[in-house]
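The values are calculated or read from the model by the stated rules, or taken from the named source; none is laboratory data. Predicted model only: the values in this text are computed from it and were never measured. With ideal geometry, Cβ positions are generated from the backbone for all residues, glycine too; neighbour counts draw on all protein chains shown. All accessible areas refer to the heavy atoms of the entire protein, side chains included, with ligands and DNA or RNA removed. Shrake-Rupley method; radii C 1.70, N 1.55, O 1.52, S 1.80 Å.
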Amino acid sequence: MATITSPVKAESRDLNFYYSSGHKALKGISMALYEKRITALIGPSGCGKSTFLRCFNRMHDLYPGNKYDGQIVMHPDNTNILDSGVDPIEVRMRISMVFQKPNPFPKSIYENVAYGLRVRGERNKRVVDDKVEEALKGAALWDEVKNRLHDLAFNLSGGQQQRLCIARALATDPEIMLFDEPTSALDPIATASIEELMSELRNKLTILVVTHNMQQAARVSDYTAYMYLGELIEYDDTDKIFTNPGRKETEDYITGKFG
Amino acid sequence: MTTQASVLANLAEVRAMIRKHKRNDFIFSIIGLLALMLGLLTLFTLFIDLVATGYPRFSLDFLTNYPSRKAAHAGLLSAWVGSLLVMLVTFISAVPMGVAAGVYLEEYAPKNWFSDLIEINVTNLAGVPSIVYGLLALGLFVYGLGFGESILTAGLTLGLLILPIVIVNTRESIRGIPIAIREAAYAVGATKWQVVFHHVLHYASGGILTGVIIGMARAIGETAPIITIGALTFIAFLPPSPVSDVAPFINVEWLSSGFTVLPIQMFNWLSRPDHAFHINAAATGALIIVVTLLMNATAIWLRYRIRKNIKW
């Protein structure tokens, strides 16, 4: 790859994943996420991109019978976050997630953002206030909600709710942020604001984003991985993937001949 | 034009079919209405009858007098105080246990054949005749544990009786919370306990409370198990007060006191030959129905209040 100027933040090594049904959803995935870069996962439905993303914060542990085989190593500490000795809670404290549909808690705007801090036992109101403000500013939502922090989060629009979820994920200073199709439930204007936000977040943290929208991958990401049927077909600079892909399958998908 | 003719014929056929279907629609709506009315009217007639018969006894005296040999002076004091205290024990015993069991089954227990078996049994327990609970309590609480024929025994018995109702309702309201909300909490690093305590219990509280109140409304009218464990029928004293004026301000003597409850008092009056007592029984019946309806109305109101601010 041509423009690697950033250290590796996390890398999966020969990662296989089995759902409790026995279905093998990931087949030998090895790829690296670069620090303070945005990596996009594209591919047709059912190709395993969301499954792969959800390995990074051990979301699969919530449902019995799922099985990981392989490693995801986080740097600089070289922790294999899939190791059964590593607590998924610890992983989630380092790697936060934004979901497909905005999923705010039925609580106030303030409490939604503060929740990650509450989970960590932070009780100092001054600290929480500051963090909430910082996170809401980081999620470009502060100006819109600063006068109604104690309103219910449900009263926000869909795009605002999603930025609130980003603020919630941001409040705990994660190292990596996962986005699982973060704009698929949003209108184009809200989508543009989320994309802009992701580009800004890139200064602070490493981002892995699953998207159905290839233009979105082309617009926001530095690197793009094309997955198909649980396999990583090609992984390279986004520019290269979209202008001069190395594999025929990737080209077919990008150009719309397939998928 | 054969095609036009066939289209028209076809249309006529379709219209006839729709008319027939609509007729079925109408017939069913009438049957449904009748079925609904039959149930409601029966209850309503019963209630009106009780009120009409018991009307002469509706006074404050009826609530502040002890039972008496003279029907006109007999009152419900010991019965409603007894009911209140028994309900208190029922609440304290059934709610924490039921909610804890429901949360455990839904959130913690591994999903396998054994938890399925437990689930089926809990649901079945809700359908066990109440007299069976009475027999169990007679053996276990009265003799086995030596609680005697006391308020404690009665409260625990009714607590057992409504436990499955509380468990089933807890589980159902927990199940109604979308997975997305749990994942949101897990994704910021919450532990299972934090997810349950901060979110699941919180958002399910409306449904849980409804289940508790509906269970209590059932318990307050239960007669058979209370008779089985040997409630007294003629009591001219009150149990010791649960609150005292000396530290620690709470005493537990009342737990071991003899008692009677509203339905037992009603049963007692009804079984006397003197018609004057039947009037007392009718008045008591009306009171029990009113209390039950009020409890259920509270449940509906609470559920509405709590859910109003939550839309998934």
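A few notes on this one:
- Restricted to the stretch B:207-247, and to residues there that are open to solvent by less than 30 Å² (accessible area, probe 1.4 Å) and in a loop (DSSP other than H, G, I, E, B), the residue that is farthest from residue B:153 (Cα to Cα) is B:235.
- Scanning the stretch A:135-145 for residues that are closer than 20 Å to residue B:183 by Cβ and assigned to a loop (DSSP other than H, G, I, E, B) yields one hit, A:139.
- The lone criterion from (1) open to solvent by 40 Å² or more (accessible area, probe 1.4 Å); (2) within 21 Å of residue B:178 (Cα to Cα); (3) outside any loop (DSSP other than H, G, I, E, B) left unmet by residue A:97 is number (1).
- Residue A:152 being aliphatic (A, V, I, L, M), open to solvent by 10 Å² or more (accessible area, probe 1.4 Å), more than 19 Å from the chain's Cα centre (by Cα) and within 21 Å of residue B:185 (Cα to Cα): yes
- Note on the stretch B:114-193: enclosed helices (runs of 4 or more DSSP H) holding 1 or more residues that are charged (D, E, K, R) and more than 14 Å from chain A (Cβ to nearest Cβ) are B:151-175.
- Residue selected from the stretch B:162-206 under the condition hydroxyl-bearing (Ser, Thr, Tyr) and in contact with a Pro (Cβ under 9 Å, 6 or more places away or on another chain), by the criterion surrounded by the fewest Cβ atoms within 10 Å (Cβ to Cβ): B:203
- Residue within the stretch B:169-176 that is under 26 Å from residue A:60 (Cβ atoms), within 19 Å of the chain's Cα centre (by Cα) and in contact (Cβ under 8 Å) with a residue 60 or more places away in the chain present: yes
- Of residues in the stretch B:281-312 being out of contact with any Ser or Thr (no Cβ under 9 Å at 6 or more places or on another chain) and either at pLDDT below 85 or not in a helix (DSSP H, G or I) (or both), the one least open to solvent (accessible area, probe 1.4 Å): B:310
- Every pair of residues 6+ apart whose Cβ atoms lie under 7 Å, when the first sits in the stretch A:124-150 and is over 20 Å from residue A:200 (Cα atoms) while the second is in a loop (DSSP other than H, G, I, E, B): A:128/A:122
- Residue satisfying all of: in the stretch A:181-220; within 14 Å of chain B (Cβ to nearest Cβ) and at pLDDT below 95; farthest from residue A:73 (Cα to Cα) among these: A:185
- Here residue A:173 passes the criteria (1) in contact (Cβ under 8 Å) with a residue 12 or more places away in the chain; (2) closer than 19 Å to residue A:38 by Cβ except the one numbered (1).
- Residues of the stretch B:62-113 that are in a helix (DSSP H, G or I), open to solvent by 80 Å² or more (accessible area, probe 1.4 Å) and at pLDDT below 90: B:73, B:80, B:84, B:108, B:113.
- Scanning the stretch A:82-96 for residues that are more than 13 Å from chain B (Cβ to nearest Cβ) and touching a residue at least 24 places away in the same chain (Cβ under 8 Å) yields a count of 1.
- Selection status of residue A:110, crowded, with 18+ Cβ neighbours inside 10 Å, aromatic (Phe, Trp, Tyr), away from chain B (no Cβ under 14 Å) and out of contact with any Ser or Thr (no Cβ under 8 Å at 6 or more places or on another chain): yes
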